[in-house]
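Enquirer: I am attaching a structure below and will ask some questions about it afterwards.
The values are calculated or read from the model by the stated rules, or taken from the named source; none is laboratory data. Please read all numbers here as calculations on a predicted model, not as lab measurements. Using ideal geometry, Cβ is built from the backbone for each residue, glycine included, and neighbour counts are taken over all protein chains shown.
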Amino acid sequence: MVIGVQPGGATRHTAQTRLPPGSTLLLYTDGLVERRTIDLDEMTTRLATLATQLAETSLPTFCDQLLAGGLPDTRDDIALLGVRLQKPDPAQPNDDRCDHMLGGRQKNAESFPE
């Protein structure tokens, strides 16, 4: 639930999409793109442009550069979470990264020890 929003006062929509291997999912708070003197759409476009330019960098560099580079300074707090999907290993046919990283365990919460 979003803090400050009346229950039942807003409609919440859900959606799903499949991200291709190598994609980066970026979650961030408004402090990254909101500026008093610059339009929100312009700042969002700037962020997208910078993210595209940094797409081939390591994930830590990607996040650090988004926070530090190209966007005007802000006094607002910023939270940023980047998640990058690994590309399949061509040396291993039918490589399933989740199975590999989980040691072949099933991919649901019930399969993990407590």
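Enquirer: In this structure, is Pro21 touching an Asp or Glu at 6+ places or on another chain (Cβ under 9 Å), surrounded by 10 or more Cβ atoms within 10 Å (Cβ to Cβ) and either free of Cβ contacts under 8 Å to residues at least 12 places away in the same chain or part of a loop (DSSP other than H, G, I, E, B) (or both)?
Expert: no
Enquirer: Related question: List the residue pairs whose Cβ atoms are under 6 Å apart, where the first residue sits in the stretch 61-77 and is modelled with pLDDT of 90 or more, the second is of a type in the set (A, V, I, L, M, F, W, C), and the two are 6 or more positions apart or on different chains.
Expert: Phe62/Leu54; Cys63/Leu80; Gln65/Leu54
Enquirer: Do we find a residue being basic (Lys, Arg), closer than 19 Å to Gln86 by Cα and assigned to a loop (DSSP other than H, G, I, E, B) anywhere in the stretch 31-52?
Expert: No; the residues of the stretch 31-52 include none that is basic (Lys, Arg), closer than 19 Å to Gln86 by Cα and assigned to a loop (DSSP other than H, G, I, E, B).
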